[in-house]
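First the structure, in the form of C-alpha cells, and then the observations on it.
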Amino acid sequence: MSRAKLATLGLDLPLLPTSTVGSFPKPDYLTEARAKATRNAITRSELDRLERQATEFWTRVQEELGVDVLVDGEQYRGDMVAYFAETMEGFSRGGLVRSYGNRYYHKPVIVGEVRWPGPITVEWWRWTQSLTTRPVKGMLTGPYTIMDWSFNDYYPDRKAACLALAREVRKEVEALLEAGVKIVQIDEPALSVRPDELPFAVEAMHAVVDGLPAYYITHACFGAFETIYPGLLDLPVDNLDLAISHSALNLLAMFETNPFTKDLSLGVLDVHSHTVESPEEVKARIMRGVGVLSKERIWVDPDCGLKTRTVEEAREKLTSMMAAVREVRATVR
Amino acid sequence: MQLILANTGSYPRIGDAPAAQRHRRAYAQRERGEISEAEWRAVEDDVVREVIAEQLGAGVELPTDGQVGWYDPISHVARHLEHVAINGLLRYFDTNFYFRQPVVTGRIARQAAVLAGEFATARMAAAPHPVKAVLTGPYSLAQGSILEAGYRSRRALAHAYAEVLAAEVADLARAGATLIQVDEPFLLQHPEDMDVVRETFETLAAARGSARLACCTYFGDALPLYEDLHRLPVDVLGLDLTYSPKLAGRIAEAGTDRSLGLGLIDGRNTKLETGDMVFPVLDRVLPRLRERAYLNPSCGLEFLPRDRARAKLETMVRLAREYAGARRA
C-alpha cells in the first residue's frame, strides 16, 4: 500500500529502506560551542557555522554508509521538545526539574496561546537536501509529546493543549511540503504513557496531516506498546517506527490477533547501549520482522535517536546495521 | 472534621537561583571526589532542614523530608540490600524522570537500617511539628526491579521486599514516626495484583507498632480498586483525585471507614488550583469522611520546579483556609 504512495511521491526506495530516527551525536567542537553560546562567549553566526559543519559531516557519513533516507542530524537542536518550545510562541522556559541523579533540565511551560512563528526546521531541511541526492526526511515532534513533556498553565486540559499544538505543527508540515519534503517523520515517544488519551492523540495527528500529501512516519517508544495496540493503528500515518532491539515482546502473536496494517520501521540498534551490535545480531533482529510482515513493508533503523552515543559508536552501529541489511536483502530478494 | 494539610512525598532539592543550587553543586563535587562523604552528608542534611522549613513556612502541618536523600523512588532502599545490583535508567511512569532498576541476583537481605537515620534528621528539623515517613512499597519495588535469580516469581520477590521493608517500618516506628506512608504507584497499572499488595501489607502492618500506616497510590485511576483498597490493613488511604473525574463521586456514594489522603493538588502540572476546582470536591467528599482527613498534593512534588512546588503548597493551604472560612460563615 505505502510502496504505491512512495511511488506517487516519486520515491523509489530499495527493499528494506534504511534510515535513522533523527538525532546524531554532536562532535566535541559543537558541544563546546553550544556551552559557550549559553554564556554569550561566541556569536550566533559562529555557532551557526559550526552547526552547519556538523550537519554536513553527518550528511556525508550517512551517504558513505549507504543510508537510503537521510536526516539532518539535529545538530542545532537540544531536546526534541524544548527546541520547538523555545521557538514557538506561547511557551516559557520553565524552571529546573530533575530527570535523574544530579541531572536537571528546564521543562517548558505553556503560558499562552501556542503559535507557529513561521518555518522552524525548513531551512535546515533545505540546506541538508542541497548536500545530497538522497531523500532527506522532515523531522518534527508531535503535538501529544510536546504537550506531555511541557507544563500547561494556559489551556483548560491536556486535550485542549494537544489539539492547539496540532494546529500549529500542521503549519510546519505545510511549510516543509512546500519546500519539497516528501517524507515527514512526526515523533510521538510519549504516546504510550496514558493509553486512555490515545483517542485525542490520534485526533491531533489527523489535525496535523489530513489532506497533506507526504509519506508519514511516527516513532513511538516500545515500552508500553502492548497497552496501545491495536489502537495505535488508528494514527493516520504510513509507517510506525518501533524499537525491537531488546524487546522480548512477541510481535508475531500480537500481529496475528490484530494484523499490523502499516509499514513498520524496525528499530534494530539499541541506542542506549555502548556495545556495538554485530551484523549477525542485527540481521537476526531484522529477520524477526521479516518473519512477521511482508518484506515490502519493512524499514530498518536504530531504536531511537543516536545522540547519546559517541560519534564513533554511532558510526560503528550504523555500519553494522547497513552490513546486516545488505546481507538480508541478498537473502530474501 | 479535622483536615490536616500534608505534603505527599518528594520535594525539589534545588531551585533556579544559583544560591538555591547548593545540593547540585555538592553532588557534583562529591562525584569528582572534591568533598568528603561527611561534607556531602552535611549539605544533604542542610537541604532536608531547608525543605522542611519551606513546607512549614507554606503552612503545611505534616511535612516530609522531601526524600532529598533518595536517588529515586525505586533504587533508594534496594541499593542497600544484599544480592541487589543497580542497573540502567528506566522511565518512571509518564514522567520525564528516570529511575535506576535494581537487579535481584539472589535472596535479598537487609544489611543495615536505611530510613530510620534519615527520619531522625527530619524529625529533629521539623520539631515540634510531626513529620511523615514515606517509603516505596514492596509491590512497586518488585515491579521496578529486574528479577534474575533468587525468586521464582515477581510475587515472591514482592514478599521478600515486604520482609525487608517491615524491618524498616519497625525502625521508623521506634524512631518516633507516627504516620508511615507506603507508596504503591504500580498497583494502579496492575489491579489484578491487588491480592499481592494486600498480602505484603499484612507483613508491613505487623511491624508498625503504634504508628499509623498509610497506603498511597497515584499516577492512575484508583476508582476500579476503591473497594479493594479498603481491604488493606491500613489506617489511611492516599488517593490521587487528579486522574479520576469519578473518584470523588464514588467516595461520596460509598463512604469510607478509613482516613483519606485527598490528592487534590496536581503534583504533575504547574497550573495552580482555584476554589472552583477544589471546593466542589470537598463539598461532596468531606461529609463522608471520618474525624481526620488529609489534604495533600496528588503525588510527590519533585516533578515541579522548586518555586512551583512551594506555590502549590501555599495554594493548598490558602484554599483550605478559605474553604473553612466560607463553610463557617
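Read-outs throughout are calculated quantities, based only on the coordinates presented, and are distinct from any laboratory measurement. Computed from a predicted model, the values in this text were never measured in an experiment. Every residue, glycine among them, receives a Cβ derived from its backbone with ideal geometry; neighbour counts consider all protein chains shown.
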For region B:197-329, averaging the sequence separation of alpha carbon pairs under 8 Å that lie six or more residues apart and dividing by its residue count, the contact order in percent is 23
Cβ-based net charge around B:ALA133, under 15 Å, with every Lys or Arg adding one and every Asp or Glu removing one
-1
Sorted by average packing, counted as other Cβ atoms within 10 angstrom per residue and highest first, what order do B:270-277, B:228-235 take?
B:228-235, B:270-277
A student applying the Cα gyration tensor rule (rounded when a/c is under 1.5; otherwise prolate if a/b is larger than b/c, oblate if not) would label region B:227-329 oblate
Expected output is a single nm value to one decimal: the length gained when fully extending between B:ARG288 and B:ARG318, i.e. 0.36 nm times separation in residues minus the C-alpha distance. What is it?
8.5 nm
Largest-first semi-axes in Å of the equivalent ellipsoid built from the Cα gyration tensor of the protein assembly as shown are 44, 27, 26
Ranking B:VAL104, B:ILE86, B:ALA166 by how far each Cα lies towards the positive end of the charge dipole of chain B (+1 on Lys and Arg Cβ, -1 on Asp and Glu Cβ), the top one is B:ALA166
Looking at region A:1-81, what % of the alpha carbon pairs are farther apart than 16 Å?
60
Could you point to the residue in B:CYS215, B:PHE119, A:SER23 farthest towards the positive end of the protein assembly as shown's charge dipole, with +1 and -1 charges on the Cβ of Lys/Arg and Asp/Glu respectively?
B:PHE119
Given B:199-206, A:36-43, B:104-111, the highest-first ranking by average Cβ count within 10 Å works out to B:199-206, B:104-111, A:36-43
Cβ under 14 Å from A:ALA314's Cβ, A:ALA314 left aside: what net charge do those residues give with Lys, Arg +1 and Asp, Glu -1?
-4
Between B:ASN87 and B:GLU37, what length comes free when the chain is fully extended (0.36 nm per residue of separation minus the Cα-Cα distance, one decimal in nm)?
15.7 nm
Connecting every pair of Cα atoms under 10 Å apart in chain B and solving the GNM, the largest mean-square fluctuation among B:VAL281, B:VAL131, B:VAL48 falls on B:VAL281
Just counting partner chain Cβ atoms within 10 Å, what average do the residues of peptide B:157-170 show around their Cβ?
0
At 222 nm, what helix-only mean residue ellipticity would the protein assembly as shown give, in deg cm²/dmol to the nearest 500, using -39500 (n - 2.57) for each DSSP H run of four or more?
-12500 deg cm²/dmol
How far apart, in nm, are two points set 7 Å out from the Cα along the Cα-to-Cβ line at B:SER153 and at B:ALA206?
1.9
Mind checking B:300-312 for the average number of partner chain beta-carbons within 10 Å of each residue's beta-carbon?
3
Kirkwood-Stokes translational diffusion coefficient of chain B, alpha-carbon pairs, 20 °C, 1.002 mPa s, µm²/s:
107
Give the Cα extents of region B:139-203 along the principal axes, in whole Å, largest first.
35, 26, 18
Using mean Cβ contacts within 10 Å as the protection proxy, how do B:28-34, B:243-249 order, highest first?
B:243-249, B:28-34
Below 11 angstrom from the Cβ of B:ILE146, what's the summed charge of the other residues (Lys, Arg +1; Asp, Glu -1)?
+1
Compute the distance in nm between two label points, each set 7 Å from the Cα along the Cα-to-Cβ direction, one at A:ALA35 and one at B:ALA120.
4.1
Specify the inter-centroid distance of region B:126-204 and region B:222-278, based on alpha-carbon positions, in whole Å.
20
Would you please give the FRET efficiency between A:ARG3 and A:THR43, computed as 1/(1 + (r/R0)^6) with r the Cβ-Cβ distance and R0 = 60 Å, to the nearest 0.05?
0.80
Efficiency of FRET from Cβ geometry, B:ALA252 and A:ALA179, R₀ 60 Å, rounded to 0.05
0.60
Gaussian network model of chain B, Cα within-10 Å springs - most flexible of B:SER145, B:SER36, B:SER259
B:SER36
Take peptide A:103-110, look around each residue's Cβ out to 10 angstrom, count Cβ atoms belonging to other protein chains, and average those counts.
3
For chain A (alpha-carbon point model, no solvent) the Debye-based log₁₀ I(q)/I(0) at q = 0.06, 0.09 Å⁻¹ works out to -0.20, -0.45
Output the DSSP H helices from chain A with an along-axis C-alpha extent of no less than 24 Å and a mean Kyte-Doolittle hydropathy no less than 0.0.
A:158-179
Whichever aspartates and glutamates have a C-alpha closer than 14 Å to that of A:LYS182, once near sequence neighbours (fewer than 8 apart) are set aside:
A:ASP12, A:ASP68, A:GLU172, A:GLU174, A:ASP238
Roughly how many Å is it from the Cα centre of region A:1-33 to that of region B:284-329, as a whole number?
50
Under the 0.36 nm per residue contour assumption, what length would be gained going from the current alpha-carbon distance of B:ALA17 and B:GLU227 to full extension?
71.0 nm
Suppose each label sits 7 Å from its Cα in the direction of the beta carbon; what would the B:ILE146-B:ARG49 distance come out to in nanometres?
4.1
